[in-house]
Structures are given as structure tokens and as C-alpha cells.
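S.K.: Quick one: structure below, then a few questions.
Derivation of every value follows stated rules applied to the coordinates shown; laboratory data play no part. Just so it is clear, the model here is predicted, and its values are computed rather than measured. Neighbour counts run over all protein chains shown; Cβ positions are idealised from the backbone, glycine included.
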Amino acid sequence: MVEKENGKRIVALVVNPIAGMGGKVALKGTDGVAEEAVKRGATPIAHSKALHFLSKLKELGILDRFEWRTAAGEMGEGALRECGAISTVSYSPQKRQTTSEDTQNASKSFLSGGCALVIFVGGDGTARDVHSAVNNKVPILGIPSGVKMHSGVFAVSPEAAAELMADWLGGKAGAQEGELIDLDEELYRKGEWKVMNFGLALTLFEPSYVQLGKEMYEAASHEDVLDGIADHVIEALAKTPDALVIMGPGSTVEFIGKKMGFEKTLLGVDCALGRKLVAKDADEKTILSLLGKHPKAKVIVSPIGSQGFIFGRGNLQLSSAVMRLIDLQDIIIVATPAKLASTPDIRVDFDDQEVVDKFNRKKYIPIVAGYHSSVMRKIG
Amino acid sequence: MKRDPCGFLKAEYQELVDKSFNWQLRTLEGPSAPRAKVEGRKVIVLCSNNYLNLSNHPKLKEAAKKAVDSHGAGSGSVRAIAGNMDLHLQLEKKIAEFKHREAALYYQTGFAANAGLLPQLVGEGDAVLTDELNHGSIIDGLRLTKAKRAIYPHNDLAGLESALKQADAEKARRIMIVSDGVFSMDGDLARAPDICRLAEDFGAMTYFDDAHGEGVLGGGRGIGTHFNVEGKIHVEMGTFSKAFGVVGGLIAGSQGLVNFAYNKSRTWLLSGSAPPATAAACMAALDVLEKEPEHVKRLWENTAYFKKEMQGMGFDCGHSETPITPVMLGESALAKKMSERMFQEGVFALPIVFPMVAKDKARIRTIMNAGLTKDDLNEALRAFEKVGKELKAI
Ligand SMILES: Cc1ncc(COP(=O)(O)O)c(C=O)c1O
């Protein structure tokens, strides 16, 4: 462990300023399409995620227990300065529009200065960049800010990352290997799902608790379970035949869409009216305008396995602005018992705290896990 | 293509073996007793459900023998046709008296009671709310119903209440709450009074599976007596296969419940009734429980002593409130190893590992027995200490 004589641990922070910008404008990731994202009206979110993380460290009283290394400007220095932390800048990008090489070079510069942990703000792509430079010499920890965060190196939120750091200082969290997963973004944007495993990266680990219960003795095949879920949803939708149906990403919702007779995109948000598809892979604007014309709507989503997010990961098009128009009663959450077994809590992530609170006030939310079978889960 | 009709048997079994999910059966050579002969060794048994050591009680054995002499070996039919014996009716009367209820019905097993009755109590347009850790026989019973199932987080009253509200908002015709009384993995109790209170608020029916509570809680009468909510539980379900030391399922409640149950439970109507010896032994078990309160008393004394000593040595015994005492070990491999070593040391205690419990919650589950003496317990404790230290569990 790299620890200074003054007892401070040396850690580094690198921010990918454009991470997460693709989401609301229905681009899946920003690898190579940052300009397109800006053109479509995307705004940066990584900086505010970094601030959330640093503020939480401050609140926990541990911000100055670390000696900070970072990269210049938007890549970390700015956020640290805003939170009143002193940092040493060991890398400066050449151009204003930063690239994946900048993330890699910054990470390399941290290592040569000797540090104990590299914290990054970004998505799966950023994780890969950091990992390729750090190469398991020290653990890395992701603060989720991308469109895709499937890798096992992310904390569930900026605040959770800060708490993990506190546990790390207290000796309660240690380093463990997590899978680095990313999608082929080129294929992803076309609606194809090609997940690749880019190996194992060292990360900080908080012991997690997964209670399986006895549902796992259910002998039904995966296909039968999906069939049951789809029948349940179709039956529920039949009660409001004129409602706009907004379908989120993922294979569970895709299956339901197919059973309703649509060519549902695997990764996009699709909308249907009266059993007819009216928008494929819709962006936030399209969804809002459809909602303007058809205020009665039903939303079908499935949580991201293990992390449990139903909004705010992989479906940023379903933004706070959209969710402000949706009644909680009109959200149908679906998941197979197998997925639920590894997903203890359901979460949402919005930039508008009011929308987050609307969910959290509910405390428990039913998840359709089979035909006429639902599981009550804690939310928030 | 030529089909291989039974190829899957071998393939699927192999799959289980590869994952170490297959059951390896141990064989008892002789009666189920606190010290029993298991595969050639005399061992202290800490994993049977024979809590009160009644399976070997002379009065039960005597009653069984007598019934064979008077009524024969089998019942000859299902109850509904020609297999309804006076012994069955006497037993049911005795169960009702014992449970302080109007009426009772005896099933061939507890599993048959859950699987046969649950799907009849709710149907199309109804809602059934079930604890996520309920026993598999409840899960299977509920799979046969057209009612909407809502699985609530374990013993989480707020979660249950939201499920009740949801069912109410959906205008469910009937609502039923089903819970184990004692949860067999952790030995914790259902919050029966709170559940009954919530049920009352929503006009819901309550069904408690007290398989591990009868003979143990409430002086042996079960969870209803323990929490003083006897009249508020609409269906008390239980088994004779555990503390009562025999075999068979039971339900107790109103006469209306029993009339409904025996006319509608397919497991009861379409399966041969219990042999005379079984019914007679069950009756004798209830008799022993009423006349010899010392068994239940000793069970709890043994439990208190064992828990205290185990915790004193530094073992984590979870949050059990019953004679089920889990010894929390964390990793599956450690739990398996510990069980193996304990067996070599003369103590038979089973590991409970993933997927029966969460990956980091592997344990050895011990079940106390009223028939164990202080010396037996000390011997078992010494073995736990020795093996625990050896495997660095304490
Ligand atoms: C909670 C519970 N319910 C029901 C049963 C089934 O009872 P029986 O053994 O009488 O079939 C068991 C155990 O076997 C049980 O633990």
C-alpha cells in the first residue's frame, strides 16, 4: 500500500468529461460519436457525478485523508478544486475534446507517481481505458456516469463509491477481481448486442449479500418463465387498450415485445399504440412528444442484473422529464426469478431528486416474475 | 432422428454431480434416536426433526402395534371411499382438542396438506401473499392456483403491507397470507401477531405452516398459542413428521374449514389414507405431549445450554429463536468440511450451503433434541470446539 508518512493514501481521479452523453439522445455510448451527441443536444454529466462523489467524501470527513493525483481541467482537476481538495496534476490533455488516449495516458502518469487506487468517472469504455494503462498494478474503482456500466468495477452510485472508500480506509473493503465487460458500440447502436469480456480488473470490493430464497427450486425453464411474464403483461395492458406503451431495453422486455407482435429493439426504447409500433429506438424528445399527444401511458422496464437499476442505466432516454409525466402505477417492472435472485434491491438514478424521491417514497415495488406472480422488492 | 427416451436422466444427474448439487444420502441403521447408528458409527444426531425424541417413545410404539393387531397394516382405500377408519376420526378429534380449535383434518403428509389445500383456498381473481422463504410445499401448492401471487420479503411487515395495499387496489376478491411459523433455515419466527393484525385490517385470511413450531412452541401447541393468537389464525397447518415423531399432515381451524378442505383437497381425496398404526401413533404422540410436559421443557433447556456454550466459544449462531441453531460459517467449502470432520468426531450435523442459502451464508444447521443428556451435549460441544479451532472457524 502506498501510504505517505503523514498517513495519507495517494489516490488518483480521472474524469471522462463526455461519458454518459449519448444516453438521452438514444446513442448507446459516446465512443467516437461525441460530436454527434452534442449536436443532438446532449449535456455533460460526468463533472456533476465527480462532484457528488467528492462531496460525499467531504461529508464523511475523509476527503483530506487522501493525497490526490489527477489530470488537468475537466479531467478531474476542476472537480477537486471545486470541492476544496488540493491535488497534483500529473497529466494534461493536448486538445479540448478529450479522447480515450487521454484517459490512458493520465492513468499511466498516476502509476509512475505511485498511487494506491485509481478512481475514474465514466462508463464501460472508460473502465477499459483505465484498466489497460493500470494493468492490475493497483485496483481501480468506477463512478458510474456512462451509458453502459456492465463491468464489475463500478460502485452503484457516486455516494456508494465514497462509502466504499471509507470502508477501504477502515480496512473493511479490500481489492478483488471484477469482470471488465463492454459492448461493441458500433453494433450496439445498430441494435445488436455483442458483449465482450475484456478480462479481470482489480477493484475495491464491498461484501455483498445475495439471498436466493427457495424460488430457485422452481423447475420451469427460462423460456416458460418469460412466457408467463409476457402473458401477465399482455393481460395487464389489455385493460387500457388506448394507452401508449413505452418499452425499455433488455432481453426480457424484448421477449414481451415479440410476443405482442413487435420487432422490439433489444437495446432501445420502443413505443407502441394500439398494438402498433409508433417509434423504434426513440430518444427523449420523441418520447416526450408522444407523451404530449397520448398522456395515458404504460412503461415496461427490467432491472439491470445485480445492480438493480430500473432507470438511469442503459435507458437514459427515460429521463426525469419523461418520468415526471408517468404515474408510478403505470410502470410495470419485469424480471425472471433467476435475475431477481442476484438483484437484492431495486434502484433508480435521475438528475432530478424530486423524481428519485417519488420512487423512494414508495419503499416497496412489485416486480412481475411470472404469470400472476410478483415479488415485492425494496426500492431505493 | 432417433430419440433417446431416457438419456436425460443420466445427463441431468451428472450435471448435478458436477456442481455438487446432488444429495448424498446417509443411512440410519436402526431407530432415529439422539444417539443413532449411522453407517456403522454411533453418532450424536444434531440434524433430525425428531425434536422431542417421540419417535421411539414406548407409548407410541405400543399404540402402533396395537393398531396393527386391531385394524391391520393398511387402510384399504382413500378416505372418501372405504378407507375412512374410526382411528382417523378419533385422531382428528384429538388434534382439534389439542390445538384448541373447532375441528381438524389429518392428511397423509404435511406436503400433501399444503399441496392439496392451498390451491383450493384461493383462485381466479384472488391474491395470495407469501413470504419469500416459505417452504417448498407452499410454493408448489401455490403454483396450482390461478390467484395472483405476491412474494413479500422475508418477515418484512412493511413489504407485506404494501403487497396487501396492492391487492386491495387491484380489488382482489379474496386475499390470503401464507407464512411458515418457524423458518427452518434460520430458526426465526413469523411475526404472527402483526401479520394477523394486518390481515384483519384488509379482511385477509391467514394460513400458517407450523411444521417446525408444533411440539416446540407454546408448550407444544404451536405458534398460535405461543403468540396468543389462536383464534386469529384461520388455517393452522402442521405435521406429525417432526416433533410428534410419526408422519402425517394436519390442519386445524373452524368446522367450515374442515368441511371445505376434505371435499376439495385432491391430495386427500385421491390418495390412500394413512395406515392404522400411523394414526394410532399420532394419537399417542398428542397424548404424551399432554401428559408429559417434560419433553418440551427439556428441549428448551438443552437449546439454551447449547446456544450459550456455542456462542461462548465464539461461534456465530445467527438470530434463531427456536431449537434450530445455525452455526454460521460463511463459505460453502468450510461448512462442508466442518460437517465431514464433525461426523468423524461422532457428531452428525448437516451443512446447509448455496443454493439453499446465500453464497456467503453457508452454515451447519443443528436441531436440538430433548433426548440428549448433558454428557451428550458436552461431547458435541467439545467436538465443535476441536473442529472449529482446527478449521479456524473460531
Ligand atoms: C415448513 C414445512 N412445511 C411442510 C413440510 C412437509 O411436511 P411433511 O414432512 O409432513 O410432508 C416441512 C418438512 O418436511 C416443512 O419444514
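S.K.: Going by a ≥ b ≥ c, the root eigenvalues of the Cα gyration tensor, does chain B fall in the rounded group (a/c under 1.5), the prolate group (a/b larger than b/c) or the oblate group?
M.R.: Details: a/c = 1.40, a/b = 1.22, b/c = 1.15.
The shape class here is rounded.
S.K.: Search the structure for amide H atoms under 5 Å from the amide H of B:MET356, placed 1.01 Å from N in the peptide plane, and list their residues when 5 or more places away or on another chain.
M.R.: none
S.K.: Can you work out ³J(HN,Hα) from phi for every residue in the range A:61-77, in order, using Karplus 6.51 cos²θ - 1.76 cosθ + 1.60 and θ = phi - 60°, giving whole Hz and x for Gly and Pro?
M.R.: Result, rounded to whole Hz: x, 10, 4, 8, 7, 10, 9, 8, 10, 7, 10, 5, x, 5, 7, x, 4.
S.K.: Could you tell me how far the Cα centroid of the range B:335-353 sits from the Cα centroid of the range B:126-166, in Å?
M.R.: Distance between centres, Cα-based: 34 Å.
S.K.: Let me ask another. Around A:ILE10, which amide H atoms from residues at least 5 apart in sequence, or from another chain, sit under 5 Å from its own amide H, with H modelled in the peptide plane?
M.R.: Long-range HN contacts for A:ILE10: A:LYS4, A:GLU67, A:ALA116.
S.K.: Here's another thing I want to ask about it. Using a simple spin-label model with points 7 Å from Cα along the Cα→Cβ vector, what separation in nm is obtained for B:GLN14 and B:GLU200?
M.R.: 6.0 nm
S.K.: With label points built 7 Å along Cα→Cβ from the Cα atoms of B:LYS291 and B:GLU102, find their separation and express it in nm.
M.R.: According to this spin-label approximation, the distance is 3.1 nm.
S.K.: Also, I was wondering about something else. Provide the per-residue ³J(HN,Hα) series for the range B:171-186, in order, calculated from phi with Karplus coefficients 6.51, -1.76, 1.60 and θ = phi - 60°, each as a whole number of Hz, with x at glycine and proline positions.
M.R.: 6, 4, 5, 10, 10, 10, 10, 10, 8, 4, x, 10, 8, 7, 8, 9
S.K.: Let me know the whole percent of all Cα-Cα pairs from the range B:160-293 that are separated by more than 26 Å.
M.R.: Everything past 26 Å amounts to 29 percent.
S.K.: Compare the peptides B:131-140, B:236-245, A:292-301 by average per-residue count of other Cβ atoms within 10 angstrom and give them in order, highest first.
M.R.: Packing order, densest peptide first, comes out as B:236-245, B:131-140, A:292-301.
S.K.: Which percent, nearest 5, of DSSP beta bridges in the protein assembly as shown are antiparallel? Display every interim value, and only then the final one.
M.R.: Values: 49 of 105 bridges.
Bridges in the protein assembly as shown are about 45 percent antiparallel.
S.K.: Just report the Cα centroid separation between the range A:45-104 and the range B:172-247, whole Å.
M.R.: 56 Å
S.K.: Shifting gears a bit: Hey, could you grab the Kirkwood Rh for the range B:58-291? Inverse mean 1/r over distinct alpha carbon pairs, Å, one decimal.
M.R.: Taking the inverse mean of 1/r over all distinct Cα pairs, the range B:58-291 comes out at 17.8 Å.
S.K.: If each of A:ASN136 and A:GLU82 carries a label point 7 Å out from its Cα toward its Cβ, how far apart are those two points in nm?
M.R.: For the pair A:ASN136/A:GLU82, the computed spacing is 3.6 nm.
S.K.: Related question: Beyond 18 Å, what percent of the Cα pairs of the range B:118-162 remain?
M.R.: Value for the range B:118-162 (Cα pairs over 18 Å): 27 percent.
S.K.: Cα-Cα pairs above 13 Å in the range B:34-86: how many percent? Before the final figure, lay out the partial values.
M.R.: Values: 983 of 1378 pairs.
Counting pairs separated by more than 13 Å, the tail of P(r) holds 71 percent.
S.K.: Using the Karplus equation 6.51 cos²θ - 1.76 cosθ + 1.60 (θ = phi - 60°), what ³J(HN,Hα) coupling, rounded to whole Hz, does each residue of the range A:346-358 give in order, writing x for Gly and Pro?
M.R.: Running phi through 6.51 cos²θ - 1.76 cosθ + 1.60 with θ = phi - 60° gives 9, 9, 10, 9, 10, 7, 10, 4, 4, 6, 4, 4, 4 Hz.
S.K.: Quick query: amide H of B:GLY181 versus all other amide H atoms, modeled in the peptide plane; which residues come in under 5 Å with a sequence gap of 5 or more or a different chain?
M.R.: Those qualifying (amide H under 5 Å, at least 5 residues apart or on another chain) are B:ASP209, B:ASP210, B:ALA211, B:HIS212.
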